[in-house]
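Heads up: the structure comes next, in structure tokens.
The values are calculated or read from the model by the stated rules, or taken from the named source; none is laboratory data. Source: prediction; values computed, not measured. Every residue, glycine among them, receives a Cβ derived from its backbone with ideal geometry; neighbour counts consider all protein chains shown.
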Amino acid sequence: MATVRIDDLADEVMKGLKDYAQLAVDDLKTAIKNAGETVKDEIEKTAPKKTGKYRKSWAVKKTNETSDSIKVVVHSKTQYRLTHLLENGHAKRGGGRVAARPHIAPAEKKGEEQLINEVERKLR
């Protein structure tokens, strides 16, 4: 009859859990990067187009990454002053208002849904 020491068994279980945790972290990081790209692409598709400069100005930037987390930001590189005005509308100089053209919030919602679905799928 073979005997297994409890310490050896516990060490193997812990090793397996650490490996799974690292795989889960890697999958989460990939899912977050993909969601950021989706948000950027969706904004580029739905943003108002006058000259096209605003649409082309969107980018995804990794702001912070550690061994177990990542933060990405989707932002307008050159036209950042316009985002609030276009998304929410604004007052005209001579009176009246310019209508809101929501394009960031719907893209963010789509990216959030994609992130949730991808994380659920990968962690099964």
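Some values worked out for this structure:
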{"item": "Candidates 118, 37, filtered to the one that is among the acidic types (Asp, Glu), assigned to a helix (DSSP H, G or I) and buried (at least 16 other Cβ atoms within 10 Å of the Cβ)", "result": "118"}
{"item": "Residue within segment 61-68 that is under 17 Å from the mean Cα position of the chain (by Cα), at pLDDT below 95 and outside any strand (DSSP E or B) present", "result": "yes"}
{"item": "Residue in segment 8-19 that is of a type outside the set (D, E, K, R) and surrounded by 12 or more Cβ atoms within 10 Å (Cβ to Cβ) present", "result": "no"}
{"item": "Residue check for residue 106: over 30 Å from residue 18 (Cα atoms), touching a residue at least 40 places away in the same chain (Cβ under 8 Å), more than 13 Å from the chain's Cα centre (by Cα) and assigned to a helix (DSSP H, G or I)", "result": "yes"}
{"item": "Residue match in segment 92-100 (condition: touching a residue at least 24 places away in the same chain (Cβ under 8 Å), surrounded by 11 or more Cβ atoms within 10 Å (Cβ to Cβ) and of a type outside the set (D, E, K, R))", "result": "no"}
{"item": "Residue match in segment 73-80 (condition: within 30 Å of residue 19 (Cα to Cα) and in a strand (DSSP E or B))", "result": "yes"}
{"item": "When residues of segment 3-50 are limited to those that are in contact (Cβ under 8 Å) with a residue 60 or more places away in the chain and of a type in the set (A, V, I, L, M), the one farthest from residue 98 (Cα to Cα)", "result": "24"}
{"item": "Tabulated pairs, segment 65-89, first under 12 Å from residue 54 (Cα atoms), second charged (D, E, K, R), C-beta under 8 angstrom, 6+ apart or interchain", "result": "75/61; 78/53; 79/53; 86/101"}
